[in-house]
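The values are calculated or read from the model by the stated rules, or taken from the named source; none is laboratory data. Quick caveat: nothing in here was measured; it's all calculated off a predicted structure. In this analysis, Cβ positions are derived from the backbone assuming ideal geometry, glycine residues included, and neighbour counts consider all displayed protein chains. Heads up: the accessible areas ignore ligands, DNA and RNA and are worked out on the full protein's heavy atoms, side chains in. Shrake-Rupley method; radii C 1.70, N 1.55, O 1.52, S 1.80 Å.
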Amino acid sequence: MPDIAFVKPALPRSGALVLPLAEEATLAGLAKQADEATGGAISRGLEAAKFKGRKGQATTLWAPGAGLSKVVAIGLGKPADLAETGAEAAGGTMFAAIAQEREAVVAADGLAPALAASMAMGVVLKSYRFDRYRTTEKEEDKPKTERVALAVSDTTKAKAAFAPLQAVADGVFLTRDLVSEPPNVLTPADCAERCKALTKLGVEVEILGPKEMKKLGFGALLGVAQGSAQEARMVVMKWNGAPKAKKGKPLAFIGKGVTFDTGGISIKPAGGMEDMKWDMAGAGTVIGLMAALAGRKAKADVVGLVGLVENMPSANAQRPGDVVTSASGQTIEVINTDAEGRLVLADVIHYCIEKFDPRFMVDLATLTGAIIIALGHEHAGLFSNDDTLASRIEAAGRATGETAWRMPLGEAYDKQIKSDIADMKNVGGRPGGSITAAQFIQRFVQGKPWAHLDIAGTAWSSKDTATTPKGATAYGVRMLDRLVAEHYEG
Ligand code: BES
Ligand code: MN
Ligand code: ZN
């Protein structure tokens, strides 16, 4: 990612200058200086290009004079509408326009320091690339940006506003890396190993293998893992950031980490199966979230737990019809081995309650295709037994652009997962498929405050968005970081 700097307004003598401009705005401050230095070439150029400052509008003027290689005007829309997400989107658009420049100066001197910081966040978020496995890419196709300097009126305030955002961006990048890794590389053991890097940030990391989990009675999680040559792992990450006087129950985040989901014996069709490498996005998000919280030294005690397995068909794989005993003691008839995520979560959630008695639990999982049918790719599905927690999550989602839509729970849905021979079965039929999946998880939360985010439609994007290149989105890192910051610190 490019280095971000906040500097006093001064005209660069060369390179690119970026002008974020609202609708109807007249050039002021650094932008006006630049216009004067180029003998009015900028205002004439923008006029000729019919640049109006509309949201998302981007116009490039080449070699306008004064040594500048280019001036990029970015539309911010109506001044009154300019909020955090708008500033971020402008930052993203800006990055795309300057990707071939080594350095750029942004005339952000007309913006409040917090908005300038959000704009910088947008630049950073959009700069993400997963290029580990490209060996033949041409030099001219690679982005070049090393440093983006935002000229602001108050550098101290802007720097202070950006510092925590940088930590969050680091968490987002970690999640995107984990989710993008191919499934032959990112096995459960490999993913667990990578969690150890968080110790550098002050996170305590504990890794449990099949032996330990067998002792804990993780029959549901291990049932999924048994068909794979890859051993299962559970990783427990602890961030103790609450001040001494404020110690209490920790907050808990739990992620589904199926490093590859073939469906098992209930095997999936071949077309698009490669997408199932990102069936560990829930876990990836929890890991990135822990990195973000620790990186910005959040004043809260937080635990992150991820259940890591690979779902494969083999001679050892579990069968449709098998009955497994979960860590909670409840038995589950496995009707469909492709409904594996809920089996993994059942044991990890039970462990989380027994071990940490958390203040609340939020689980994240690419759990059902049905949530994509219900909500498309615009919202995650939110299920909760706690209205306060649910509305806080919705609000944090709106503030960060990672939105969730609340879905119902209820007795009638719960009936759909009654089994003839065990305490429950792992599928409830096609009607309300995401809801019956949530009902299944709810049977393991012991009535504690809990929310479930079904991120099957939001963890991965098949198209570029303002601040996300196509691919892993890290949906949830920013939302849940915000949830913690807004309600559970200090
Ligand atoms: N990982 C999938 C859900 C999924 C599907 C995520 C498509 C992203 C895109 C999950 O394990 C699964 O296979 N769910 C089944 C459940 C069914 C068997 C009840 C599904 O959604 O088809
Ligand atoms: Mn599945
Ligand atoms: Zn799955």
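Which helices of the chain meet both criteria: a Cα extent of 15 Å or more along the helical axis and a mean Kyte-Doolittle score no lower than 0.0, with helices taken as whole DSSP H segments?
Values: long enough: 84-98 (21 Å, 0.57); 113-126 (20 Å, 1.45); 155-180 (36 Å, 0.49); 281-295 (20 Å, 1.66); 341-356 (22 Å, 0.74); 387-400 (20 Å, -0.22); 477-487 (16 Å, 0.05).
Qualifying helices: 84-98, 113-126, 155-180, 281-295, 341-356, 477-487.
Filter the GluC sites (Glu not before Pro) in the stretch 270-333 to those in DSSP coil with at most 15 other Cβ atoms within 10 Å of their Cβ, and list the result.
Values: sites: E274, E310, E333; in loops: none.
Here no loop site has a sparse enough neighbourhood.
In the chain, if the dipole is taken from +1 on Lys/Arg beta carbons and -1 on Asp/Glu beta carbons about the Cα centre, which of S180, I254, V148 is farthest to the positive end?
V148
Charges only on Cβ, +1 for Lys and Arg, -1 for Asp and Glu: so what's the dipole of the stretch 167-487 about the Cα centre, in debye to the nearest 20?
The calculation lands at about 900 debye.
In Å², what does the accessible area per residue of the stretch 3-154 work out to with a 1.4 Å probe?
Ligands and nucleic acids excluded, the figure is 47 Å² per residue.
Compare the peptides 401-412, 79-90 by average per-residue count of other Cβ atoms within 10 angstrom and give them in order, highest first. Each step should come with its number before you reach the end.
On the way: 401-412: 16.1, 79-90: 19.2.
Sorting 401-412, 79-90 by mean packing, highest first, produces 79-90, 401-412.
Using a 1.4 angstrom probe with every protein chain in place, what is the largest-first accessible-area order of D387, D420? Walk me through the numbers before you get to the answer.
On the way: D387 105, D420 155 Å².
So the residues, ranked largest to smallest area, are D420, D387.
Past 24 Å, Cα to Cα: identify those pairs from K70/K463; K70/K126; K214/K425; K249/K418, in the order given.
On the way: K70/K463 28 Å; K70/K126 20 Å; K214/K425 21 Å; K249/K418 33 Å.
Check vs 24 Å cut-off fails for K70/K463; K249/K418.
Determine the order of M361, M312 by accessible area, beginning with the largest, at a probe radius of 1.4 Å.
In descending accessible area the options line up as M312, M361.
Measure off, as a whole percent, the carbon and sulfur share of the 1.4 Å-probe accessible area of the stretch 3-154, all protein chains present.
50
Under 27 Å Cα to Cα from K247, which lysines show up? Leave out anything in the same chain fewer than 8 places away.
Within the straight-line cut-off, K247 pairs with K196, K200, K238, K297, K299, K355, K448.
Counting Lys and Arg as +1 and Asp and Glu as -1, each charge on the Cβ, what is the dipole of the stretch 3-154 about the Cα centre in debye, to the nearest 20?
280
Report in % the part of the accessible area of the stretch 335-475 that belongs to carbon and sulfur, leaving out ligands and nucleic acids; probe 1.4 Å.
Values: 2680 of 5460 Å².
Of all accessible area on the stretch 335-475, carbon and sulfur atoms account for 49 percent.
Taking only protein heavy atoms into account and a 1.4 Å probe, give the accessible area per residue of the stretch 275-395 in Å².
Accessible surface, normalised per residue, equals 30 Å².
For the ranges 24-31, 292-299, what's the packing order if you count other beta-carbon atoms within 10 Å of each residue, average per peptide, and put the highest first?
Taking the mean over residues of other Cβ atoms within 10 Å, the ranking is 292-299, 24-31.
For the stretch 1-125, what is the relative contact order in percent, using Cα pairs closer than 8 Å and at least 6 residues apart in sequence?
In percent, rounded to a whole number, it is 32.
Using a 1.4 Å probe, what is the accessible area per residue for the stretch 192-237, in Å²?
49
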